[in-house]
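Please read the structure below before turning to the comments.
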There are 2 protein chains.
Amino acid sequence: MANIQQVAKQAGVSVATVSRVLNGQNTVASKTRIKVEDAIKKLSYEPSMLGRNLRNSESRILLVLIPTISNPFYLEIIKGIENVAISQNYNILLCETDSNPERENIYFDLVRTKMVDGIISMDPAVNVETLIKLAEKHSIIQCSEYAIDSGIPYVTIDNEEASYLAVKHLIKIGHEKIALINSDEKYLYARQRRIGYQRALEEQGILVNNDYIIHTQHLGFENGKQAMKKILNLEDRPTAVFAVSDLLAIGALKEISTNGLHVPNDIAVVGFDKIDFSNMTNPTLTTIAQPMYKMGTIAAKMLISQIKGEEVESIILDHELVIRGSTLG
Amino acid sequence: MANIQQVAKQAGVSVATVSRVLNGQNTVASKTRIKVEDAIKKLSYEPSMLGRNLRNSESRILLVLIPTISNPFYLEIIKGIENVAISQNYNILLCETDSNPERENIYFDLVRTKMVDGIISMDPAVNVETLIKLAEKHSIIQCSEYAIDSGIPYVTIDNEEASYLAVKHLIKIGHEKIALINSDEKYLYARQRRIGYQRALEEQGILVNNDYIIHTQHLGFENGKQAMKKILNLEDRPTAVFAVSDLLAIGALKEISTNGLHVPNDIAVVGFDKIDFSNMTNPTLTTIAQPMYKMGTIAAKMLISQIKGEEVESIILDHELVIRGSTLG
DNA sequence: ATGAAAGCGCTAACAT
DNA sequence: ATGTTAGCGCTTTCAT
């Protein structure tokens, strides 16, 4: 493994000149440049990022924190982040926290120890106090889930409005007994989506029935099945269900058909996220589309700006209702 | 941001002693150790990995190359890799190649420039010659897809046997007209799986009908739908389909029911991988289970051993047939 | 246009 | 048990 010294020697120039060639500076005479390039080729030299990074005091790595890689919701976001990162010569370290504070702390150390230059946090369960403290000295962006007034810039959607839109759609097609499969309301987005749900009902003079609101610990398929089981056992069975995640909704779909009922004739279902799989079910799933890819690109751009020392502002992106088989009689 | 010098000064010792404390060496008197620890706390010092990595000539990052993050098959493998990596104080850089050689080369540079310590390649479309050349100087493991006699250690399953098992199951439950949805046979696993398919048929004296073999460019849901469309248009329509990926099979499932046919009564379907979603469809999917998590842990352990300079041997893991709704009348 | 030299933060060999 | 010091590979300031 050649280093910059050997290249300099081979080319008969100083290391400074080699470095200049490496970094594309135009202060090098083209004759010299060619000598250096020849030497580089001859020694098949590759500059070490370890040296460069130490010197520049950067790692050119961005840390992306997600609760679990199993929810496809995050995949599109990650793609967006990755594409921006690559184009700006950054790489991304993808880390699953499993919403485990201990594990999270290990990952936070990555920025403290300069192993990464900044963090995009997508974990709703993140310890906000720790995050705020970390943000004093390091570059941090929140994506999707965020903390109000934390001073940490975020990119997200209007959860309350989106939820309102979903429920209003169900009401419009004739439903009044609408259940909500929500996640734990310790999360901001869960509280916001519940409020949207309630607002849609109340606006139409429909009484909110607390028995119709089921909380789940995670956003997975199994949680959706379990929640739907409870709903099907209700005395006054709902005719529609709004689940705050597609995976939950798909679990609900499955449980409904397992019980010999039909979607949407017996029970209509609406999900949230528009993951790829929401189009693969039978029937296909009506859902709220989030601009996940865009969210990712914006989060990455924000983080990189912040790393450069620029001011960045939070952004709220648009959502959209996608009507498909699960609400189309 | 304090550095090791300032800590040494604060504690009234040399930088060497601070370094010893940092690295848990037992040659430090406990009195001195306490002084150092106090100084570290007081200055809220965090050692810089940039300095350490340069000095140790390592990055403690493993590169994981996957063709696409959209196929959940990779997710479980990644989890396995990640858990082993973390336990050994490594981190993983996850990179999508999109089976694009250009992009791949950018990622290969990561190991050439010491940005990562080694590579786990899972891309079937990887340029084998480049990979072999790279493996001369760097640590590389192949996972799932591999190159025979390349000298690069790999962990995989017996694709031919697995495919044979799947088709034999279909024959056993009474099918003779069995279609194969395969991917491009430029990939080794595709060739192996086709051989297994043929062997199962021929062993039972069933003639291989080339019209029954459909090739797709990718392993996605849409590809499965398109392939199934072709199969449904066949004059002598098959009564069963074996798809070499669950996503393909799920696409097939969808296309079959779109056409008003029933699975498994009209057409039975078998997939491959046992991704989570294969249990969420209606009917659930019969499939070949690959030990994905285990594959990931083994690949990671192999790579880390190789980085340490140890010899490692390739491993072939067990597969299993999981019989579910799509082949259960 | 080019070179000499300092220094980023750390570890380890060697000296005491 | 602890300190001194060289050096990992690079970039950049300052001098020429």
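Derivation of every value follows stated rules applied to the coordinates shown; laboratory data play no part. These figures come from a predicted structure and were not determined experimentally. In this analysis, Cβ positions are derived from the backbone assuming ideal geometry, glycine residues included, and neighbour counts consider all displayed protein chains.
Structure summary
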quantity: Ratio Rg/Rh [Cα only; Rh per Kirkwood] for chain A; calculated: 1.15
quantity: Other protein chain Cβ atoms within 10 Å, averaged over every residue that makes up B:73-81; calculated: 2
quantity: Virtual spin-label span in nm between A:Lys230 and A:Glu310, 7 Å along Cα→Cβ; calculated: 4.6
quantity: Burial ranking of peptide ranges A:315-325, B:234-244, A:270-280 (average Cβ count within 10 Å, highest at the top); calculated: A:270-280, B:234-244, A:315-325
quantity: Paramagnetic label zone (point 7 Å from Cα along Cα-to-C-beta, A:Ser99; backbone N under 20 Å) in segment A:288-322; calculated: none
quantity: Label 7 Å beyond Cα on the Cβ vector: B:Gln217 copy-to-copy distances, nm; calculated: 4.4
quantity: Within 10 Å of each Cβ in B:41-53, the average number of Cβ atoms from other chains; calculated: 5
quantity: Within straight-line cross-link reach of B:Lys308, aspartates and glutamates at Cα separation under 13 Å, skipping those fewer than 8 residues along the same chain; calculated: B:Glu58, B:Asp117
quantity: R0 of 56 Å, Cβ-Cβ distance A:Gln88-B:Arg237: FRET efficiency to nearest 0.05; calculated: 0.60
quantity: Computed label-point distance, nm, for sites A:Lys294 and B:Ile323 using a 7 Å Cα→Cβ extension; calculated: 5.0
quantity: Förster-model FRET efficiency, 25 Å R0, A:Gln5 and A:Asn26, C-beta, rounded to 0.05; calculated: 0.60
quantity: Distance violations [Cα-Cα > 24 Å] among B:Lys230/B:Lys254; A:Lys114/A:Lys294; A:Lys168/A:Lys301; A:Lys254/B:Lys225; calculated: A:Lys114/A:Lys294; A:Lys168/A:Lys301
quantity: Gaussian network model of chain A, Cα within-10 Å springs - most flexible of A:Met302, A:Met228, A:Met49; calculated: A:Met49
quantity: Cα-based reach from A:Lys41 at 16 Å (exclusive), listing aspartates and glutamates while leaving out same-chain residues under 8 positions away; calculated: B:Asp109
quantity: Inter-chain shielding of B:274-282 (mean C-beta neighbours from other protein chains, 10 Å cut-off); calculated: 5
quantity: Fluctuation leader among B:Thr286, B:Thr113, B:Thr297 - chain B, Gaussian network, Cα springs under 10 angstrom; calculated: B:Thr113
quantity: For segment A:4-47, convex hull volume per residue from C-alpha positions, Å³; calculated: 56
quantity: Karplus-derived 3J(HN,Hα), 6.51/-1.76/1.60, for each residue of segment B:178-195, Hz, glycine and proline x; calculated: 10, 8, 10, 9, 10, 8, 4, 7, 6, 8, 4, 4, 5, 5, 4, 6, 5, 4
quantity: Antiparallel DSSP beta bridges within the protein assembly as shown, percent to nearest 5; calculated: 10
quantity: Gyration tensor (alpha-carbon) shape descriptor, the protein assembly as shown, a/c threshold 1.5; calculated: oblate
quantity: In range of the label at A:Ile213: residues from segment A:158-182 whose backbone nitrogen is under 13 Å from the point 7 Å along Cα→Cβ; calculated: A:179-182
quantity: Gyration tensor (alpha-carbon) shape descriptor, segment B:151-273, a/c threshold 1.5; calculated: oblate
